[in-house]
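One structure below.
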Amino acid sequence: MKAKFLIPLALFFVLVGFLAVGLNRDPREVPSPLVGKPAPMFRVPELAEPGKTFSPEDMKGQVWLLNVWASWCVSCREEHPLLVEFSRQQAAPLIGLDYKDKREDGMSVLARAGNPYGVVAFDGDGRVGIDYGVYGVPETYIIDKAGVIRYKQIGPITTEALQKKILPLIEELKKS
Amino acid sequence: MKRILALLLLALACGTLWAKDAAPLAEDPAVEKRMIAISEEMRCLVCQNESLAASQADLAQDLRRELRGLIKEGKSDEEIKQFMVSRYGDFVLYRPRLIPTTWLLWAGPFVLLIAGVAALIAYLRRRSRAVQDAPLSAEDAKRAAALLEEGGEQ
């Protein structure tokens, strides 16, 4: 009979548990349906040299990173030094996608803060971004040798994400 | 002097208000109507509590442009929905689809309702068993009458 009075208490704790989990999750992180799917194809001009083009096809057979950034994006600035460091380690080629930006602005950022990218593709009207489900720059995709997206980092790359997730995943994908 | 400065500042502020671009008018009202009907059912990913139709976020404007394009290409509503879901996931849909992961979501309220009704019935049954109808004894009836009389006098 006594146990009956514990039922509401138990229910309350279950509810608190759900709320605690819910509150600690970032609602801005929407799981991407693209993880595990082939990276959408595109061919766009490069940022510095509009005559040259870039396409994910060019990267077939390599594990590579696609980092979506823009000169107007504040978090990208935060992330930038980490990208420069990452490119020094040469763990994998890093390709930039300058998203909804002006060419001059994008180029001046790279001139000022350093250019960590092997190639910077230019997506002025954001069409490529839409195909990749970009909704908040910066976003970073890890794409494997077969051209399949294996991971998506939403928001700036952190040292923790880099050490715990990105670098180990790159190593693992390189082996396969 | 201060007042003039304030006025000047105000005038400048107004200037920037006026300088905002006029929203592009719909070229084709039919396309626009369908686009709005579809985008009202979708979530803007930048400001997640706004629909794609209502949001002024840059991405929402681009997506509306994209939707207009798809409508003009003659895509069906279902195809357009698929276009959005394949990029942004089921999260863009305000009306969740009926798939195994949403079964609980859709059935939950009804399950709770049935459970509640079952609990209510069980409770009522138990209560009616606890309070049995017992005929009044002659003594009880006398007491009741006396009490009623007393009440009537007051």
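At-a-glance table
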| read-out | value |
| --- | --- |
| Net charge, residue B:66 excluded, C-beta distance under 12 Å - Lys, Arg +1, Asp, Glu -1 | +3 |
| Hypothetical label at residue A:158: residues of region B:86-124 whose amide nitrogen lies under 20 Å (7 Å Cα-Cβ projection) | none |
| Beta bridges per DSSP with both ends in the protein assembly as shown, % antiparallel, nearest 5 | 60 |
| In order through region A:135-151: 3J(HN,Hα) via Karplus (6.51 cos²θ - 1.76 cosθ + 1.60), integer Hz, x for Gly, Pro | 10, x, 6, x, 9, 10, 10, 9, 10, 8, 4, 7, x, 9, 6, 10, 7 |
| Normalised contact order of region A:35-175, rounded percent, pairs of Cα under 8 Å and 6 or more residues apart | 34 |
| Rg followed by Dmax, in Å, when region A:22-70 is reduced to its Cα trace | 15.3, 48 |
| Span-like helix ranges in chain A, DSSP H, alpha carbon extent 20 angstrom or more, Kyte mean at least 0.5 | A:6-23 |
| Cα-projected label distance for residue A:24 with residue A:167, points at 7 Å along beta-carbon direction, nm | 2.6 |
| Counting all C-alpha pairs of the protein assembly as shown, share separated by more than 38 Å (%) | 41 |
| Distance in nm between pseudo-label sites at residue B:75 and residue A:46 (7 Å out along the Cβ direction from Cα) | 3.2 |
| Net lengthening on full extension, residue B:31/residue B:57 (0.36 nm per residue, minus Cα-Cα) | 7.3 nm |
| Net charge over other residues, Cβ less than 12 angstrom from the Cβ of residue B:35 (K, R count +1; D, E count -1) | 0 |
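Taken together, the values in this text are just the output of simple stated rules run on the coordinates, not laboratory data. These numbers come from a predicted model, not from an experiment. Glycine gets a Cβ as well: all are built from the backbone with ideal geometry, and neighbour counts include every protein chain shown.
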